[in-house]
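This report concerns only the one structure given below.
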Amino acid sequence: MNCPHTAAAPADRGAGTVVIDPMVQDLDGETARLRDAGVLARIDLLGVPAWTVTRHAEARQLLLDPRLVKDIDAWGLWQSGAVTHAWPLIGMIDAGRSMFTVDGAEHRRLRTKTSQALTPRRLEAIRPEIEKFTQELLDALDAARGDDGVVDLKAVFAQPLPMRVVGMLMGVDESQHAMLTRQYKAFFSMLTPQDERLALLAELDVFYTDLVREKTARPTDDLTSALILAEEGGEPLTEEEVVGNLKAMVAAGHETTIGLVLNAVRALLAHPDQLREVLAGEIGWDAVIEETLRWDTPTTHLLMRFATEDITVGDEVIRKGEGLVVSYRAIGRDIEQHGADADAFDITRPTRNRHMTFGHGPHICPGAALSRVEAGIALPALFTRFPGLRLAVPDEEITKLPVMTQNDMTAFPVLLG
Ligand code: STR
């Protein structure tokens with residue numbers, strides 16, 4: 001694939017560069033190639049060069065390093081104009097001012113309210129609602145069964161559940177959920193022409209700004225209203241900051257949890273002995289969730305951080321102005337961290353809780369506990385309601401969506417039994 005998104009061919013695109021496949025044809029092969037390319041590997045993202053960190057220990061250290069920032073203005077290729085809005089992945093980085101894009105003291109100011117709203121204790125209050133959504137969607141699954149008995153577990157269950165949860169939390173009306181699902185699908189897909197992606201992002205900005213203005217006029221008990229009313233250290237968030245946080249929450253809360261739920265179901269159906277142990281109560285659903293997070297991470301690559309100084313990692317140097325991606329899938333398969341059988345799915349693995357799939361350091365996922373609660377409700381409820389659940393096609397026929405940063409299936413056709 002020839003993607004001339006940069007003005008000039010990057011000088012340092014050496015033989016060791018792993019070209020990330022936008023069509024996601026062979027994720028396991030690519031993950032292995034990244035691991036083989038070194039602790040710090042050179043990658044090519046649609047013609048744009050970057051570093052990626054592929055090991056747990058070094059990633060942990062880099063994620064605590066204040067010399068790496070999320071501010072796109074620190075990126076040499078952006079400053080020079082080599083990367084522009086014509087690059088299909090720019091929306092993953094230039095996403096407006098929010099807790100996702102700001103560092104340091106300002107970051108804490110942007111993030112505190114959200115992380116306080118998503119502690120395990122606070123989440124107990126919404127558990128009954130998540131359980132209710134789950135039961136409704138299980139009924140919908142039953143009803144959506146075709147004449148052949150086949151139903152898409154993604155479209156009917158795994159996708160709507162996180163949208164309802166994050167929608168309830170942020171105060172996004174249910175009438176908008178289908179629109180948001182459609183827009184995010186187009187946003188993440190590499191088959192969407194870039195002008196369409198930029199147009200849909202502009203539409204979403206209008207949508208979220210209108211929502212924030214409405215909540216400013218009539219605050220309710222959702223997190224969007226709490227963000228508007230918050231005054232961390234006497235300094236309220238600006239409208240742009242509330243909008244930025246709101247869209248980060250909806251995009252992240254929606255997209256990643258779909259992967260967690262589906263990947264867990266897929267792993268269990270492919271490992272029936274382990275499924276039997278879980279259903280017999282010999283091991284908890286938490287073990288399934290943690291091992292799925294490690295082995296089949298919803299986020300494959302997280303874009304991007306930029307070096308404000310030269311940073312040495314082993315025998316490589318990330319030069320000032322260069323970009324660093326964190327390749328969470330490769331990190332979950334790190335042999336040093338998880339042992340020689342890191343490529344195997346094993347819910348009894350002693351290191352299953354010692355993954356880094358939610359990140360580390362100041363930007364660690366504020367929604368981690370929420371996604372665990374969602375999956376912890378959805379998975380047992382699904383297998384309790386449909387104990388004979390099985391794939392309707394051979395596992396090899398399940399395909400990935402052409403999404404470079406996320407690990408997302410096209411569909412997951414099942415027979416409910
Ligand atoms: C999508 C576009 C947007 O409007 C805002 C954001 C900010 C949060 C990002 C999100 C993005 C893409 C998916 C991310 C999410 C944070 C967590 C999620 C990167 C860029 C993950 O995949 C981990």
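Please treat every number below as a calculation from the coordinates, not as lab data. Since we're looking at a predicted model, the values are computed, not measured. Please note: Cβ atoms are built from the backbone with ideal geometry, for glycine as well, and neighbour counts cover all protein chains shown.
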Would you kindly state how much longer the chain becomes between GLU129 and GLN194 on full extension, computed as 0.36 nm times their sequence separation minus their alpha carbon distance, in nm to one decimal?
19.6 nm
For THR348 paired with ASP139, estimate the spin-label separation in nm (one decimal), with each label point 7 Å from Cα along the Cα-to-Cβ line.
4.0 nm
15 Å reach of a label modelled at ASP205, 7 Å along Cα-to-Cβ, counting backbone N of the stretch 98-129:
98
Expressed in angstrom and rounded, the centroid-to-centroid distance over alpha carbons for the stretch 193-208 and the stretch 344-414 is 28 Å
Using Cα springs under 10 Å in a Gaussian network model of the chain, which residue among ALA217, ALA41, ALA59 shows the largest mean-square fluctuation?
ALA217
In debye, nearest 20, what is the charge dipole magnitude of the stretch 91-157 about its Cα centre with +1 on Lys and Arg Cβ and -1 on Asp and Glu Cβ, if you could check?
740 debye
Calculate the dipole size of the stretch 63-181 relative to its Cα centre from +1 charges on Lys and Arg beta carbons and -1 charges on Asp and Glu beta carbons; express the result in debye to the nearest 20.
700 debye
Neighbouring Cβ atoms within 10 Å as the yardstick, rank LEU379, LEU246 fewest first.
LEU379, LEU246
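How would LYS154, LYS400 line up from fewest to most surrounding beta-carbon atoms within 10 angstrom?
So the residues, fewest neighbours to most, are LYS400, LYS154.
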What full-extension length gain, to one decimal in nm, is calculated for GLU316 and ILE335 as 0.36 nm per residue of separation minus the Cα-Cα distance?
4.8 nm
Using only the Cα atoms of the stretch 21-159, build the gyration tensor, take square roots of its eigenvalues as a ≥ b ≥ c, and label the shape rounded, prolate or oblate: rounded if a/c is under 1.5, else prolate if a/b is larger than b/c, else oblate.
oblate
Ranking GLN116, ALA143, PRO160 by how far each Cα lies towards the positive end of the charge dipole of the stretch 72-207 (+1 on Lys and Arg Cβ, -1 on Asp and Glu Cβ), the top one is GLN116
With the Cα gyration tensor of the stretch 294-373 giving a ≥ b ≥ c as the square roots of its eigenvalues, does the rule (a/c under 1.5 for rounded; else a/b larger than b/c for prolate; else oblate) give rounded, prolate or oblate?
oblate
What helix-only [θ] at 222 nm does the chain give? Using -39500 (n - 2.57) per DSSP H run of at least 4, over all residues, to the nearest 500, the answer is -14000 deg cm²/dmol
Sketch the reach of a paramagnetic label on ALA86 as a point 7 Å from Cα along Cα-to-Cβ, and name the residues of the stretch 14-57 whose backbone nitrogen lies under 17 Å away.
45-49
What distance in nm lies between label points placed 7 Å from Cα along the C-beta direction at ASP148 and ASP73?
5.6 nm
I want to verify a result. In a Gaussian network model of the chain, Cα cutoff 10 Å, which of these has the top mean-square fluctuation: ASN407, ASN353, ASN245?
ASN353
Here the net charge surrounding ASP210, from other residues whose Cβ is less than 12 Å away from its Cβ (Lys, Arg +1; Asp, Glu -1), is -3
With +1 on the Cβ of every Lys and Arg and -1 on the Cβ of every Asp and Glu, the dipole magnitude of the chain about its Cα centre, in debye rounded to the nearest 20, is 460 debye
Span per principal axis, largest first, for the Cα atoms of the chain (Å)
57, 56, 38
